[in-house]
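The values are calculated or read from the model by the stated rules, or taken from the named source; none is laboratory data. Everything numeric here is computed off the predicted structure, so don't read it as measured data. Cβ sites come from the backbone with ideal geometry, for glycine too, and all protein chains shown count toward neighbours.
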Amino acid sequence: MNSRNGDQCYGHDRVFGFVFLVICLAAAVQSILITRSMAEGLPDCSSIKAVTVPPGAVVHQPDGDTFHIFTFDAPAVVKIRVMDAETPERGDDGFEEAKAFTREWIARGPFRVVTCGKTTFDRIVGDVSRGDERLADALKEAGHWRAAH
């Protein structure tokens with residue numbers, strides 16, 4: 001192979017490398033913008049975290065607006081309180097129905113949790129969604145709602 005062909009190959013490698021770098025940077029910027037836009041409704045967000053959760057990672061669901069996710073990080077189980085959701089409490093009318101609705105919603109496929117780390121009791125408050133559908137809105141539209149105390 002003569003040196004001229006070698007230079008042409010090297011030039012193509014540099015172009016492909018540059019294009020790959022630009023695509024990676026664009027994807028990173030898009031991910032940051034999407035995460036920030038998803039967290040706009042979250043109060044006092046100084047540290048935004050967003051994660052896609054497969055249904056199999058949900059290890060417990062005590063009621064209609066709380067579920068527990070297994071994680072490999074400490075702590076091993078993270079308790080999520082669905083932001084903007086108020087479902088009936090244990091012993092109230094509609095408790096089992098709201099719990100079943102949330103279980104079925106979770107089972108439909110991966111969903112996203114966006115949180116600032118704000119807690120309520122021992123749970124982290126998170127905005128839970130799949131695509132354009134928020135779990136809190138779906139619960140309310142299905143009638144699994146209670147008046148706040």
Legend entry - Sole exception among (1) within 15 Å of the chain's Cα centre (by Cα); (2) on the phi > 0 side of the Ramachandran plot for residue 94, by number: (1)
Legend entry - From the options 115, 120, residue that is assigned by TED's automatic domain parsing to the domain that holds residue 55, within 14 Å of the chain's Cα centre (by Cα) and hydroxyl-bearing (Ser, Thr, Tyr): 115
Inset, instruction - Might you check whether a residue that is more than 24 Å from the chain's Cα centre (by Cα), modelled with pLDDT of 80 or more and not charged (D, E, K, R) occurs anywhere in segment 41-53? - result: no
Inset, instruction - Quick one: count up the residues across segment 85-108 that are modelled with pLDDT under 95 and out of contact with any Ser or Thr (no Cβ under 9 Å at 6 or more places or on another chain). - result: 7
Legend entry - Pairs with Cβ under 8 Å, 6+ apart, first in segment 53-77 and in contact (Cβ under 8 Å) with a residue 12 or more places away in the chain and in the same structural domain as residue 108 (by TED's automatic domain parsing), second assigned to a loop (DSSP other than H, G, I, E, B) and of a type in the set (Gly, Ala, Ser): 55/109; 64/85; 65/85; 70/76
Legend entry - Qualifying residues in segment 59-72 (those that are in contact with a helix residue (DSSP H, G or I) (Cβ under 9 Å, 6 or more places away or on another chain) and more than 19 Å from residue 95 (Cα to Cα)) - the one surrounded by the most Cβ atoms within 10 Å (Cβ to Cβ): 69
Inset, instruction - Might you check whether a residue that is assigned to a loop (DSSP other than H, G, I, E, B) and surrounded by 14 or more Cβ atoms within 10 Å (Cβ to Cβ) occurs anywhere in segment 91-109? - result: yes
Inset, instruction - State which residue pairs qualify: first residue under 15 Å from residue 69 (Cβ atoms) and inside segment 100-112, second residue assigned to a loop (DSSP other than H, G, I, E, B) in any location, beta carbons under 7 Å apart, and separation of 6 or more residues or different chains. - result: 102/64; 110/54
